[in-house]
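These notes are about the structure you will find just below.
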Amino acid sequence: MKHLLSIESLTAQDIETILGDTAVMKSTRGQHDEHPLRHQCWALMFSKSSTRTRVSFEVGIRELGGDALFLAAADIQLGRGEPIRDTARVMGRMLHGAVIRTFAQKDVEDFAAFSGIPTINALTDEEHPCQILADLFSIRETRGSLDGLRVAFIGDGDCNVARSWIWAAARCGFELTIAAPPKFQPPVELLERAGGKVRLTSDPSEAAAGADVLYTDVWVSMGKEEEAAYRLAQFQGYQINAELVALATPGALVMHCLPAYRGKEIDEATLEAHADTIFRQAENRLHTQKAIMACLVKNAQRSC
Ligand code: CP
Ligand code: NVA
């Protein structure tokens, strides 16, 4: 693993390694003997807003001994039309790693190919791999394993987070049911390509019945703001609330990648009742991403 560009590109063993290393990072925070990013400078190049991803990467880079450079894409020449390939070739000569949040998946792939430095997808329109790895860690931390897991994703089944869940289900072998309005279901072609135990329904109750995890994400992803009114109308009835939670396995986890819009994809009472899980997911971004960066640096040194 030279880059982390998607869950699709990971093997089950890669995921297992990252989750195992995350446990070590979490339990040894503040006591690391090794600083794998010492003398390194990593850039965060973001074309979309972020709280959790930005903070967790900046803190994580520093805790691993490196320096972080935040570049808002609009502030650099990329924002005025310089091609990603040229940006990558410049940055690859000065930096040791890059964390990129953008629109097109191809842009992170091109950046990785043309920069030659370890590159991490911090969210594209297609995937949000760091989020789902942290979520898998959070589930395993609570349940002890992913064996026999049944996840229900309720909401925008064709967004980046849902797509990363599809690949995670395929790689790790758990059951995933996506409940989404017909126009917001992932393409059948994607499900066929991924394989695994993934079901689609337009009925949130069907997905929630017997689930161990109820998961949701915003109804209006970044970049989709012009469709907001249409989306809010389409997603009525897809809220995670007490009624839906009552259908799940007793003690089921309610998860949200955040930011949350109370009264839309989740109601206030349900979010607050499950705040321990939801904000632990956010915290685990830090530990997971430290494990990912340490792994990429180790692999880069091996191939030198
Ligand atoms: N969940 C997540 O990626 O949050 P941010 O958009 O705040 O980084
Ligand atoms: N699907 C959301 C995830 C936010 C972390 C978005 O892309 O805006």
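Read-outs: derived from the displayed coordinates by stated rules, not from any lab. These numbers come from a predicted model, not from an experiment. With ideal geometry, Cβ positions are generated from the backbone for all residues, glycine too; neighbour counts draw on all protein chains shown.
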- Label-to-label distance, nm, for residues given as residue 189 and residue 113 (7 Å Cα→Cβ offset): 1.9 nm
- Charge tally in the Cβ shell below 15 Å around residue 40, where Lys, Arg are +1 and Asp, Glu are -1, residue 40 excluded: +1
- Query: So for the stretch 94-159, what are the equivalent ellipsoid semi-axes in whole Å, largest first, each being the square root of 5 times an eigenvalue of the Cα gyration tensor?
  - Reply: 29, 16, 8
- Options 139, 261, 60, ranked by Cα towards positive dipole end of the chain, top entry (Cβ charges): 60
- Message: Based only on other Cβ atoms within 10 Å, what is the fewest-to-most ordering of 19, 258?
- Response: 258, 19
- Message: Sequence gap at least 6, Cα distance under 8 Å: using those rules, report the relative contact order of the chain to the nearest whole percent.
- Response: 21 percent
- In the neighbourhood of residue 249 defined by beta carbon distances under 15 Å, the net charge of the other residues (Lys, Arg +1; Asp, Glu -1) is -2
- So what is the 222 nm mean residue ellipticity for the chain from helices alone, if each DSSP H run of at least 4 adds -39500 (n - 2.57) and you divide by all residues, rounding to the nearest 500 deg cm²/dmol? -13000 deg cm²/dmol
- Binning every alpha carbon pair distance of the chain at 10 Å from zero, what are the percents per bin? 6, 29, 35, 22, 8, 0
- Note on the structure: Net charge near residue 2 (other residues with Cβ under 14 Å of its Cβ; Lys, Arg +1; Asp, Glu -1) is 0
- Packing-based exposure ordering (other Cβ within 10 Å, fewest first) of 171, 80, 38: 80, 38, 171
- Query: Separation of the stretch 184-259 and the stretch 13-27 by C-alpha centroid, Å?
  - Reply: 27 Å
- Taking the chain, the lysine pairs whose C-alpha atoms sit under 22 Å apart (8 or more places apart or on different chains) add up to 15
- Message: Quick check: residue separation of residue 90 and residue 201 times 0.36 nm, minus the Cα distance between them. What number comes out in nm?
- Response: 35.3 nm
- Task: Run the quick spin-label model on residue 272 and residue 23: label points 7 Å from Cα toward the beta carbon, then report their separation in nm to one decimal.
- Result: 3.5 nm
- Message: Could you tell me the relative contact order of the stretch 164-211? Use alpha-carbon pairs under 8 Å, at least six residues apart, and round to a whole percent.
- Response: 45 percent
- Residues 218, 151 in order from fewest to most other beta-carbon atoms within 10 Å are 218, 151
- Query: Given charges of +1 on the Cβ of Lys and Arg and -1 on the Cβ of Asp and Glu, with all other atoms neutral, how large is the dipole of the chain about its Cα centre, in debye to the nearest 20?
  - Reply: 800 debye
- Item | Rounded, prolate or oblate (a/c below 1.5 giving rounded, otherwise prolate when a/b exceeds b/c) for the stretch 109-201 by Cα gyration tensor | oblate
- Taking r as the C-beta separation of residue 262 and residue 55 and R0 as 22 Å, the FRET efficiency to the nearest 0.05 is 0.55
- Item | Compactness index (Cα Rg / 2.2 N^0.38 Å), the stretch 187-249 | 1.31
- Could you list log10 I(q)/I(0) for the stretch 164-273 at q = 0.14, 0.17, 0.21, 0.24 Å⁻¹, which the Debye formula gives when each Cα is one point scatterer? -0.58, -0.86, -1.28, -1.50
- Could you please tell me the mean projected area of the C-alpha convex hull for the stretch 1-147, averaged over all directions and given in square nanometres to one decimal? 9.0 nm²
- Note on the structure: Here the FRET efficiency for residue 74 versus residue 106, based on Cβ atoms and R0 = 22 Å and rounded to 0.05, is 0.65
- Angle between the Cα long axis of helix 105-115 and the longest principal axis of the chain, 0 to 90 degrees, nearest 10? 20 degrees
- Working from Cα positions, state the angle (0 to 90°, nearest 10) between the long axis of helix 129-143 and the longest principal axis of the chain. 60 degrees
- Task: Calculate how steeply helix 160-172 sits against the longest principal axis of the alpha-carbon atoms of the chain, using the helix alpha-carbon long axis, and give the answer as 0 to 90 degrees to the nearest 10.
- Result: 90 degrees
- Note on the structure: Relative contact order in percent for the stretch 136-182 (Cα pairs under 8 Å, 6+ apart) equals 44 percent
